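The values are calculated or read from the model by the stated rules, or taken from the named source; none is laboratory data. Values in this document were obtained by computation on a predicted structure and should not be read as measured data. We place every Cβ from the backbone using ideal geometry, glycine too, and count neighbours over all the protein chains shown. Note: areas computed on protein heavy atoms with side chains; ligands, DNA, RNA excluded. Shrake-Rupley method; radii C 1.70, N 1.55, O 1.52, S 1.80 Å.
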Amino acid sequence: MELKSKLPTVGTTIFTRMSQLAQQHGALNLSQGFPDFPVEPRLLAELQQQVMAGRNQYAPMPGVLELRQQISGLIQRTYGVQVCAEAEITITSGATEALFVAIQAVVRSGDEVIVFDPAYDSYQPAVELAGGKTVHIQLCAPDYRVDWAAVERRISDRTRLIIVNSPHNPTGMVFTELDWQALADLVQRHGLFCISDEVYEHMVFDGRVAQSARQYAALAERSFIVSSFGKTFHVTGWKLGYCTAPKLLSVEFRKIHQYVTFSSFTPAQYAIAELLDTAPELVTGLAAFYQHKRDNFRQLLSSSALQLLPCEGTYFQLVDYSAVSNLPDLEFCDWLTTEVGVAAIPLSVFSRQEQDSRIIRFCFAKQPDTLAQAASRLQTLRQSGQ
Ligand SMILES: Cc1ncc(COP(=O)(O)O)c(C=O)c1O
C-alpha cells in the first residue's frame, strides 16, 4: 500500500529533535520555547476546583462565554478596542489550531500567502494543505525589520493572505506603529486578508506598549488575530488559545473550527476566566517578569564570546556565535548540546532559503538557576573555541 504524502518535506521538527538530544546528554534545554518554572498556584487550584465541580463536558463550540467576556475585557484594557464576546472571539486548542483554521478559512487552491522568514513552522504546512503556496520574504540580522516597499513588490493578483507575527519568534523583533500602518495600507489597497500571530503580545520590553492589528481599523476588518494562553499563563501544555476576527470572518472560522476540534478543554476555560477576573496582574506583570529574565540572561552572557542580538519582546534571545565556531548552525547546536551541555535552536530551520549565518536561538523562559548554569557553560566557549 502506498500513501502519497500531502506534506512530503515535513519530518520530525527541530524542537523535538533538540529536546530529545538535550535529554539524552543531560544538557540544559534552552531550545524549545516552554517555561520550566512552576505555574501560578491559584490557576492550578482553580483548574482542580472546576474539574471537581463537574465542568467536564463539551464547552460551547465558540468557547465558554465567561472566558470570552473576560478576553473582551482584557482587549479593552490592553488596546482600548471593543471586541464582541459573542460574535468575534472563538476559543481554540492553542494558537496552533487558530492559525490552522484561519488559514483553511481563507486560502483556496492556487492562492499565494506571504510569510516572513524566519517564520514559525506551522504556517507553511497549513497553507499547503489548503492548496496554497507560501511566498517567503527573508528578514535579515541584526534587527530583522520589514521593508514594506519590498513586500509590495512581491504582491501578485494571486496573493490572498499575509501572515505576520509581532512580537516575533525567533528574533524578538516588535512591530512599530509605522509597521502596522504600512501593513494596514497594503492589506487595504490590495484587498488582502491578514493573520496576525500575536501569541507573545504581553511580552514587550523597554517601555514599549503592546500593539495589535486590532488597533488599525483598515487592518482589523480583514484580520484574524491569534493569541495563546499557553504563553501568557506559562501553561503551554494546556493548549488553549483564541482567535478574534470581525463577525463575518468569525462565522467562516467557526465553520471549520467546529469540525477540527469542535471545542476545547472545558475546565481550563473556566479556570482561566476566573484568573483573568481575579488576578489581572498576572497579565499586566508579564512584560516586567520576562524583561527581568532577559536582562539577567544578557548580563550573564555579556562577557562571553557570543554576540547578543537585540531582543525587544518574546522570550527568545538570538546570539551570533561566529567568533566561536565556523560550523553551520545545525551542527553547532548538536555540538553545543553534546559537548557543552546547552541545547539551542539553529536559526536556519526557520527559513526556506538556505542561510549561511552563525546564529542560534535560546529560550530564556527558564528558572534563574537554569539560566545561570547555562550561561556559565556558555562562558567556556571563549577559551575552548572549535
Ligand atoms: C509564533 C508562534 N505562534 C504560535 C505558537 C503556538 O502556540 P500554542 O502553543 O498556543 O499552540 C507558537 C508557539 O511556540 C509560536 O511561537
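Using each residue's phi in the stretch 179-184, evaluate 6.51 cos²θ - 1.76 cosθ + 1.60 at θ = phi - 60° and report the 3J(HN,Hα) Karplus result to the nearest Hz, with x for Gly and Pro.
Calculated HN-Hα couplings, in order: 4, 4, 5, 5, 5, 4 Hz.
Percent relative contact order of the chain, based on C-alpha pairs within less than 8 angstrom and at least six residues apart?
Relative contact order for the chain comes out at 24 percent.
Using a 10 angstrom cutoff on alpha carbons, build the Gaussian network for the chain and name the most mobile of G54, G73, G191.
G54
Using a Förster distance of 56 Å, how high is the FRET efficiency between D143 and A53, based on the Cβ-Cβ distance and rounded to 0.05?
0.70
So what are the ³J(HN,Hα) numbers for the stretch 127-132, from phi and the Karplus equation (6.51, -1.76, 1.60; θ = phi - 60°), rounded to whole Hz, Gly and Pro as x?
Ordered by residue, 3J(HN,Hα) equals 5, 5, 5, 7, x, x Hz.
Taking N as the number of residues in the chain, what is its alpha-carbon radius of gyration divided by 2.2 N^0.38 Å?
Expressed relative to 2.2 N^0.38 Å, the Cα Rg reads 0.98.
Computing the accessible area with a 1.4 Å probe over protein heavy atoms, can you report the carbon and sulfur percentage for the stretch 41-278?
Solvent-exposed carbon and sulfur of the stretch 41-278 make up 52 percent of the total.
Ignoring ligands, DNA and RNA, please state the percent of accessible area on the stretch 297-386 from carbon and sulfur, probe 1.4 Å.
C and S atoms contribute 44 percent here.
Which whole-number percent gives the relative contact order of the stretch 158-254, counting Cα pairs below 8 Å spaced six or more residues apart?
Relative contact order here is 24 percent.
Read phi for every residue in the stretch 75-80 and hand back ³J(HN,Hα) as whole Hz from Karplus 6.51 cos²θ - 1.76 cosθ + 1.60, θ = phi - 60°, with x for Gly and Pro.
5, 4, 5, 7, 10, x
In deg cm²/dmol and to the nearest 500, what is the mean residue ellipticity at 222 nm of the chain if only DSSP H runs of at least 4 residues count, each as -39500 (n - 2.57), divided by the residue total?
-12000 deg cm²/dmol
Hey, any idea what Rg/Rh is for the stretch 135-200, computing Rh the Kirkwood way over Cα pairs?
0.94
Which is the longest part of the chain that has none of the chymotrypsin sites (Phe, Trp or Tyr not before Pro) sitting in a DSSP loop with at most 14 other Cβ atoms within 10 Å?
Here the longest segment lacking exposed loop sites spans 59-261.
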